[in-house]
Amino acid sequence: MERDQAVGSTSLLSKKVNIVGEIQGNEDLHVEGRFKGSIKITGNVFVGPTGVLEADVEAENIIIQ
């Protein structure tokens, strides 16, 4: 995937959110909630202290706090 005009954008999965499925995109993702499935983004995935991932992840970087 190529990064486009969304560079600098970050999507937030907040701590009261629980998602099962697939996330795709051209920006960063900050996870504080729970996610199960697959993530395929061109940016970075940041997992905060309350974030829980059970996922196959393709990203530029994965940062786990």
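The values are calculated or read from the model by the stated rules, or taken from the named source; none is laboratory data. These figures come from a predicted structure and were not determined experimentally. So basically every Cβ, Gly included, is an ideal-geometry build from the backbone, and we count neighbours across all protein chains shown. Please note that ligands, DNA and RNA were not included when accessible areas were found on the heavy atoms of the full protein model with its side chains. Shrake-Rupley method; radii C 1.70, N 1.55, O 1.52, S 1.80 Å.
Do the conditions hold for Val31, that is, is it more than 9 Å from the chain's Cα centre (by Cα), on the phi < 0 side of the Ramachandran plot and of a type outside the set (Ser, Thr, Tyr)? Judged against the criteria, Val31 is not a match. Residue pairs whose Cβ atoms lie under 7 Å apart, sitting 6 or more positions apart in sequence or on different chains, and linking a residue in the range 14-27 that is farther than 12 Å from Gly51 by Cβ to a partner that is hydroxyl-bearing (Ser, Thr, Tyr), are Glu22/Ser38; Gly25/Ser11; Asn26/Thr42; Glu27/Ser9; Glu27/Thr10; Glu27/Ser11.
Between Ile23, Ile39, Ile64, which is open to solvent by 60 Å² or more (accessible area, probe 1.4 Å), of a type outside the set (Asp, Glu) and modelled with pLDDT of 95 or more? Let's see the steps before the verdict.
Values: Ile23 fails: open to solvent by 60 Å² or more (accessible area, probe 1.4 Å); Ile39 fails: open to solvent by 60 Å² or more (accessible area, probe 1.4 Å).
One residue alone meets the criteria, Ile64.
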